[in-house]
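The values are calculated or read from the model by the stated rules, or taken from the named source; none is laboratory data. In this text, all values refer to a predicted model and were calculated from it rather than measured experimentally. Virtual Cβ from ideal backbone geometry, glycine too; neighbours counted across all protein chains shown.
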Amino acid sequence: MPKIASLLAWMVAVPLWSQLIVHQPLDGPLAVSGELAELRNHHFHSGIDLRTGGVTGKPVYAVADGWVRRIVIRPDGYGWALYIDHPNGFTTVYGHLESFSDEIWQFTESEARRRGSYRLDLYPPKGMLSVDAGTVIGISGNSGASGGPHLHFEVRDQASEEILDPSAHGLAIPVDPSHPKLWALSDGRWRPAGDSVSVASWYDLAVTLPEQDFDVHVTDSLRAQWSLNRWSFDVQRGADAGLALGLHQQQGVRGFLIHPTPTQPAPGWRHHLDFPRASGRYAVAIHSGSARVWNGVVRVKEFEDRVPQPAATLRDGAVTLHVPARAFAWKQNMTLSAEGRSIRVTPDVAAIKPVHYDWVPHGIHDSLWDKTYLAVRDGRGSAKIPGIRTSDGAIRYTSKTCGSAEIRIDTEGPSCRFIRRTPSGSVLLQVNDELDVEVVRAQINGQWCWAYLDAKTNTLAVHVGEEIGTLYVQVQDELGNLTTFTTNL
Ligand SMILES: [Zn+2]
């Protein structure tokens with residue numbers, strides 16, 4: 001009984017329709033540099049990027065009363081990030097920060113010291129770090145995988161962790177003036193669609209979307225409907241299954257195929273019905289909300305039935321490629337050629353599920369088996385994947401990238417070079433390696449000190465304060481190659 005009574009009291013006190021955001025996260029009018037649900041490689045953008053005037057150092061405010069539930073510091077991703085829980089069932093997320101408020105930082109640093117770790121994912125006890133609406137929780141920055149100074153801001157459903165639209169919860173951003181656009185592939189080129197288009201199949205039409213809502217009617221009946229104002233992280237891979245890869249490669253814009261691919265999950269954000277299977281001319285209407293995006297005639301030459309990728313194994317020389325079922329948006333005719341340590345996989349398509357490259361090395365000493373990595377490059381970027389020994393005498397590289405690859409051996413630790421000492425009490429070092437780097441230890445005169453490595457600039461900032469004496473730093477790459485760096489300050 002007491003439980004029910006308190007639940008009722010809570011429901012009365014905090015109506016579900018109460019607005020979440022009562023204080024904006026930044027001063028001044030907000031400006032947007034990245035939209036919600038924007039299509040990125042391998043995911044939808046899960047928040048809104050707010051401009052900070054091209055600089056770091058702006059105060060960042062808690063948008064409502066709550067408590068800090070999670071603190072993350074990592075060299076990539078959101079960099080320095082705070083997750084604040086609010087009593088009405090929402091979480092807000094603040095990413096790419098430069099620093100935290102004193103109170104939050106005190107807790108963070110003592111935990112880092114206690115754990116001896118520079119990569120943190122902390123869950124402070126509830127109520128320990130409580131904040132009010134308008135409390136400065138940190139300073140905006142450019143940490144992690146950001147393309148420039150900004151604040152990444154998110155609203156989530158606390159219970160399900162689903163992503164919600166911040167503008168529907170009180171974030172005061174201007175309405176996006178850009179419009180969704182229809183693109184069509186003809187004669188091998190993706191172009192903006194005119195009033196009528198002629199395509200080989202329904203797979204040759206894609207839309208670029210600034211909005212989260214979108215639907216397609218063919219001859220007055222609904223065929224596809226999309227709504228991204230709430231989604232969960234496990235449907236992210238749907239982003240790659242629907243990506244019009246050629247459009248991205250040719251025009252540099254990310255658009256979605258209007259026709260479903262066989263591997264797209266059927267999550268709440270997208271519904272499909274069958275498209276007409278006969279060739280012919282069709283009246284097509286595309287809307288976003290109540291606005292018309294495109295209205296015209298599509299001539300489809302054929303209906304192309306695409307099927308999911310079956311599991312496949314390809315072998316050439318010492319390399320075996322394992323492709324799991326449904327690894328691609330639809331079935332691909334894969335080829336593998338390997339010559340020595342060079343590998344080529346075609347076609348160059350985005351994998352939704354990782355593929356495995358197994359290599360049986362000949363003529364390299366056993367001590368080097370744990371020192372190899374796969375350098376892989378495709379039409380979207382590159383990746384370096386450390387090898388792992390398998391039980392049947394091979395080295396395995398697990399990657400979402402197909403294209404050209406090369407197996408390399410790395411036995412050297414990262415290079416480490418002094419840059420300068422900053423007025424704010426940090427020593428900056430340039431740390432470079434072929435692979436990702438982890439900070440193992442930083443000490444000033446034998447005392448532990450905080451250090452942050454920014455993966456995109458390869459800059460290590462060691463916080464030494466006013467101290468003078470011996471700085472000692474150890475950094476290590478993903479294959480365990482270690483470098484010790486000392487200098488006298
Ligand atoms: Zn962002």
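Quick notes on this one:
- The lone exception for Lys384 - which of (1) over 28 Å from the mean Cα position of the chain (by Cα); (2) among the basic types (Lys, Arg); (3) more than 30 Å from Thr108 (Cα to Cα) it fails: (1)
- Residue ranges of strands (runs of 3 or more DSSP E) in the range 281-359 with at least 2 members crowded, with 18+ Cβ neighbours inside 10 Å and free of Cβ contacts under 8 Å to residues at least 24 places away in the same chain: 335-339
- The range 218-262: number of residues that are assigned to a loop (DSSP other than H, G, I, E, B) and free of Cβ contacts under 8 Å to residues at least 40 places away in the same chain: 2
- The number of residues in the range 49-93 that are assigned to a strand (DSSP E or B) and either modelled with pLDDT under 95 or of a type in the set (Lys, Arg) (or both) comes to 3.
- Condition check for Gly148: crowded, with 18+ Cβ neighbours inside 10 Å and either of a type outside the set (Asp, Glu) or at pLDDT below 95 (or both): no
- So Pro59, is it away from the ligand (no atom under 16 Å from the Cβ), in contact with a strand residue (DSSP E or B) (Cβ under 8 Å, 6 or more places away or on another chain) and within 14 Å of His152 (Cα to Cα): yes
- Residues in the range 148-161 include at least one that is in a loop (DSSP other than H, G, I, E, B), within 22 Å of the chain's Cα centre (by Cα) and either aliphatic (A, V, I, L, M) or outside the structural domain of Gly77 (by TED's automatic domain parsing) (or both).
- Residue match in the range 20-40 (condition: surrounded by fewer than 22 Cβ atoms within 10 Å (Cβ to Cβ), within 16 Å of the ligand (Cβ to nearest atom), in contact (Cβ under 8 Å) with a residue 24 or more places away in the chain and polar (S, T, N, Q)): yes
- Hits in the range 112-170 (condition: on the phi > 0 side of the Ramachandran plot, small (Gly, Ala, Ser) and more than 16 Å from the ligand (Cβ to nearest atom)): Gly116, Gly127, Gly134, Gly170
- Residue in the range 90-107 that is of a type in the set (D, E, K, R) and within 16 Å of the ligand (Cβ to nearest atom) present: yes
- The residue that is farthest from the ligand (Cβ to nearest atom), counting only those in the range 171-191 that are free of Cβ contacts under 8 Å to residues at least 24 places away in the same chain and part of a loop (DSSP other than H, G, I, E, B), is Asp187.
- Those residues of the range 174-202 which are among the β-branched types (Val, Ile, Thr) and modelled with pLDDT under 90, in sequence order: Val175
- For the range 443-465, residues that are within 16 Å of Ile73 (Cα to Cα) and either hydrophobic (A, V, I, L, M, F, W, C) or assigned by TED's automatic domain parsing to the domain that holds Ser117 (or both) total 8.
- Arg119 being out of contact with any helix residue (DSSP H, G or I) (no Cβ under 8 Å at 6 or more places or on another chain), of a type in the set (D, E, K, R) and buried (at least 16 other Cβ atoms within 10 Å of the Cβ): no
- Any hit, the range 29-41, residues being at pLDDT 80 or above and within 22 Å of Leu120 (Cβ to Cβ): no
- Entry remark, the range 234-248: residues being at pLDDT 80 or above and either of a type in the set (S, T, N, Q) or under 16 Å from Cys402 (Cβ atoms) (or both) number 2 in total.
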